[in-house]
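The values are calculated or read from the model by the stated rules, or taken from the named source; none is laboratory data. All values derive from a computational prediction rather than experimental measurement. For neighbour counting, all protein chains shown are included, and Cβ atoms are generated from backbone atoms with ideal geometry for every residue, glycine included. Accessible surface areas use protein heavy atoms only, side chains included; no ligands, DNA or RNA. Shrake-Rupley method; radii C 1.70, N 1.55, O 1.52, S 1.80 Å.
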Amino acid sequence: MGKLSLWSFLSEQGQDLPLPGESVAGKTIVVTGANVGLGLEASVHVANKEPTLLIATCRDTVKCEQTVKILRERCAGSRPASLDSWPLDLSSFDNVRSFADRFVAEGPERLNVLVANAGTFNPVYTRTQDDWEVMLQVNYLSTALLSILLLPHLLRSATHDDPSRLVLVSSLGHYLAEPMLTDSQNWDHILGAISAKKFGVSGYNLSKMLQVAFVRELGARLPSPTPLVITAVNPGLCHSSLQRELEKYRLLRMVLAFVKWLLRARTSEMGSRNLVYAALATNAQDLHGRYMSSCEVVEECDFLLSAKGQAFTERLWRETIEVLSKVDDRVSQIVSTYLPAR
Ligand SMILES: NC(=O)c1ccc[n+]([C@@H]2O[C@H](COP(=O)([O-])OP(=O)(O)OC[C@H]3O[C@@H](n4cnc5c(N)ncnc54)[C@H](OP(=O)(O)O)[C@@H]3O)[C@@H](O)[C@H]2O)c1
C-alpha cells in the first residue's frame, strides 16, 4: 500500500536522479507551464536533445516571448525552428479549447509527448471565470480537458515500438488528501462539492490526488499494450515559485525557506528530471497508468487502491467527462471513440 514516511521522503530528496539518454529526433513535445520552475527546466532538457518541435506553453504572449528567448540562450545548439511557445491559460476552458484548435489548425501532424506540468497553489479561496475553485480547474479540470482534446493527436503519433506519452505532474501531497474525502460517498457531486469547500492548502493536495485518479482511470481505458503511456509524476519538494502566494508575506517566506532547507528541497532542474524521465524513458509500458516518484513507479495513496477509492475514481471520471463534454463537444466523441468503459 502507499507509504509516506519522513525517512523515505528525506532519502528520496537527496537522490541524484537519472536523465534518460533517449533520442527525441522526429518528435513533437508540448510542455505546459514552461516559463519558470520545473516546466522551464524540463523544456531546457528536451530542447537540448533537439526534438523536431518543442512547444513550451506559458500563460500569455509576453511570457511566451521571454521563454523562447531563455530557451534559445540556454540551448544555443538547437535549431531556432525547433523551439516555439504558445499561450495557454488553464484557468479558462475557452483558452484551453483555443489552444487545442490552434494545434489542429497550425500544429504539426504528430504529437508524441504532452507534459502537463502547469499547476497552481493558491490557498486563498478563488473562483475562476468558469466558476470553479481555481486549483480544481487549473490543476485538474483544465489539465484533463487539454489531455482529452490532444489525445487523438497523441494516439495518431504512436508506433508499436514507440508509444506516445502523457505525463501529468502530480505531487507527493496526494497522499495527504484522503481525510478530505471521508464522507465523499455522500456528496451529490464530487467536483461540485470540492469546488465549493474552502480546503485552503489541502485543496492543492486534493487536486493532485484527482490527477492520480484520472491517470489510473484513463490508463485503464486504453488497450494493452498501450499506444499512449500515461503517467502521474511526483517531482519531489523543489525550489520554485509554486508557493508564491505564501511567499508574499516576509515571515512565511522565511519559514518556507527554512522548511525547504530542512527537507532537502531539490533544485527545479533536479525535480524536472522526473518529468523528462516519464516522458522519454524506454521502459514505457511499465509506467502506464502509474504514479512515479524519483524516476520509479511507486504505489499511489491507500485511498485510491481501496474499494472506496475505486468507486470514487469511477464517479470522478463520469462527472469529469460530463462537465467537460458541456465545455467542448469533442470530449464525448473522443471518449466514446478511444476510451470505452472497461
Ligand atoms: N515545486 C514543488 O515542490 C512541487 C512539488 C510537487 C509538485 N509540483 C508540481 O510541479 C508543477 C510545476 O510547479 P513548479 O514547482 O515548477 O511551480 P512554478 O515555478 O510556480 O511553475 C508553475 C507553472 O505553472 C504555470 N501556471 C500556473 N497557473 C497557470 C494557469 N492558470 N494557466 C497556465 N499555466 C499556469 C505557471 O505560470 P505563471 O508563472 O504564469 O504563473 C508556471 O509556468 C506543478 O504542477 C506543481 O503542482 C511542484
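With the alpha-carbon atoms of the range 23-109 aligned to their principal axes, the span from lowest to highest coordinate is 36, 28, 18 Å, starting with the largest. When you count the other C-beta atoms within 10 angstrom of each residue and take the mean per peptide, 44-57, 100-113 line up highest first as 44-57, 100-113. Here the dipole of the chain is about 540 debye; that uses its Cα centre as origin and unit charges on the Cβ of Lys and Arg (positive) and Asp and Glu (negative). For residue 311 and residue 251, what does the FRET efficiency come to when R0 = 51 Å and r is the distance between their Cβ atoms, rounded to the nearest 0.05? It comes out at approximately 0.75. Could you give log10 I(q)/I(0) at q = 0.09, 0.14 Å⁻¹ for the chain, computed by the Debye formula over C-alpha point scatterers of equal weight, without solvent? Calculated log10 I(q)/I(0) at the listed q: -0.43, -1.15. Since only 339, 33, 229 are under comparison, the one whose Cα sits farthest along the positive direction of the charge dipole of the chain, derived from C-beta charges on Lys, Arg, Asp and Glu, is 33. Annotation: peptides 211-217, 179-185, ranked by per-residue average of other Cβ atoms within 10 Å with the highest first, follow the order 211-217, 179-185. Estimate the FRET efficiency between residue 186 and residue 332 by the formula 1/(1 + (r/R0)^6), using the beta-carbon distance for r and 35 Å for R0, to the nearest 0.05. Once rounded, the FRET efficiency stands at 0.80.
The value of relative contact order for the range 1-157, using C-alpha pairs under 8 Å at least six residues apart, is 22 percent.
Normalising the average separation of contacting C-alpha pairs (under 8 angstrom, six or more residues apart) by the number of residues puts the relative contact order of the range 3-83 at 28 percent.
Taking 0.36 nm per residue of separation and subtracting the current Cα-Cα distance, fully stretching the chain between residue 92 and residue 130 would add 13.0 nm.
Give me the dipole magnitude in Debye, nearest 20, for the range 23-116 about the Cα centre, with unit charges on the beta carbon: positive for Lys and Arg, negative for Asp and Glu.
With Lys and Arg at +1 and Asp and Glu at -1, about 240 debye.
Could you tell me the calculated FRET efficiency between residue 263 and residue 286, based on Cβ-Cβ distance and R0 = 30 angstrom, to the nearest 0.05? The calculated FRET efficiency here is 0.55.
The relative contact order of the chain, computed from alpha carbon pairs under 8 Å that lie at least 6 residues apart in sequence, is 22 percent. Computed in the context of the full set of protein chains, the accessible area of the chain at 1.4 Å probe radius has 54% of its extent on carbon or sulfur. Once the Cα-Cα distance is subtracted from the 0.36 nm per residue extended length, the residue 197 to residue 81 segment shows a gain of 37.2 nm. With the simple spin-label model, which puts each label point 7 Å out from Cα in the Cβ direction, the residue 5 to residue 101 separation comes to 5.4 nm.
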